[in-house]
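Written below as structure tokens is the structure these notes are about.
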Amino acid sequence: MKSIFYGLCVAALLTGLAGCRSGEETPPAETPPSLDTTTAMTPDRSVDIVAEADTVPLSEYERLMQQLGLVQVQSLDSSIRVDLKYSTTDNFVGVDVYGDLDDAYLQEEPARRLVEAQRLLHERHPDYHLLIYDAARPRQVQWILWDTLQKPEADKPKYVADPRKGSIHNFGAAVDLTIVGADGKPLDMGTGYDHFGILAFPYHEDSLLKSGQLTETQIANRHLLREVMQAAGFSPITSEWWHFDAFSRAEARRRYPIIE
């Protein structure tokens, strides 16, 4: 998998170089002395040139998502926030594995369910917003996460789905997320995203509350997230408070091609 990782790094570097080239200023052409100012560029063409200059090429992953018919979540509801952790170094890998992918994509039905979850959240708390940490994820990224995770092979499936079977993320039918409060900050859920330990396990919340390792506020925040997500048709899992599936793996595989 090193070759895949290095390939991603090279792709990211080339993308960065292309961005630098596109940012270079072009010297203005000299104006012919006989040019009549009344023949200057029309407003319509000026708008066209500005639009062309502002066009950002799609990333490799974004192009792949669109080719497979996945939906950009914020195109359905712009009030949903996005902070893809694997497009940063703020993740357990410590590496940006998505490059310039900044938008969250899902298959259409899961995306519409997420919009419903946002609506239900706003009914209860008008100033709250869902914040997506990860959504559709190509399997080549799944391999990077699997190979990087420092856990015994037998324990890895507790934290990262085996790429040979495919994560539900790899079908575009799972989402990792939290809730942003009225102050614009994520609610306190007791752990951060991708925390590897029982503090993140919904299964252990009752005992963790009794032992004082989680507070009533933290548990209530998790319950709120689960309630709106389940009411919209998602299913939580026992080991990660942030992860929700729109379908089982078998159903996702039946409905959709895997995103390679």
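The values are calculated or read from the model by the stated rules, or taken from the named source; none is laboratory data. No experiment lies behind these values; they were computed from the predicted model shown. Neighbour counts are summed over all protein chains in view; Cβ atoms, including those assigned to glycine, are modelled from backbone coordinates with ideal geometry. When the accessible area is computed, the model is the full protein with side chains, heavy atoms only, and any ligands, DNA or RNA have been set aside. Shrake-Rupley method; radii C 1.70, N 1.55, O 1.52, S 1.80 Å.
Its Cα centre serving as origin, region 137-240 has a Cβ charge dipole (Lys and Arg +1, Asp and Glu -1) of approximately 340 debye. Each residue of region 68-77 is assigned a 3J(HN,Hα), and the resulting list reads 8, x, 6, 10, 6, 4, 5, 6, 8, 8 Hz, derived from the Karplus form 6.51 cos²θ - 1.76 cosθ + 1.60 (θ = phi - 60°), x at Gly and Pro.
In the full protein context, region 155-260 carries 45 Å² of accessible surface per residue, based on a 1.4 Å probe and ignoring ligands, DNA and RNA. Legend: P(r) of region 66-184 from all alpha carbon pair distances, 10 Å bins from 0, whole percents, reading 13, 42, 32, 12, 1. Near Val82, the amide H atoms lying under 5 Å from its own belong to Ile132; only residues 5 or more places off or on other chains count, and H is placed 1.01 Å from N.
Report, in listed order, any pair from Lys85/Lys165; Lys156/Lys185; Lys85/Lys151; Lys85/Lys156; Lys85/Lys185 with a Cα-Cα distance greater than 26 Å. Over 26 Å Cα-Cα: Lys156/Lys185.
Take Arg63: with every protein chain present and a 1.4 Å probe, its accessible area is about 110 Å². For region 79-196, the share of accessible area belonging to carbon and sulfur comes to 45 percent (1.4 Å probe, ligands and nucleic acids excluded).
Scaled against the 2.2 N^0.38 Å expected of a compact globular protein of N residues, the Cα radius of gyration of region 158-260 reads 1.14. Take every pair of alpha-carbon atoms less than 8 Å apart whose residues are at least six positions apart; their mean separation over the length of region 156-260 yields a relative contact order of 37 percent.
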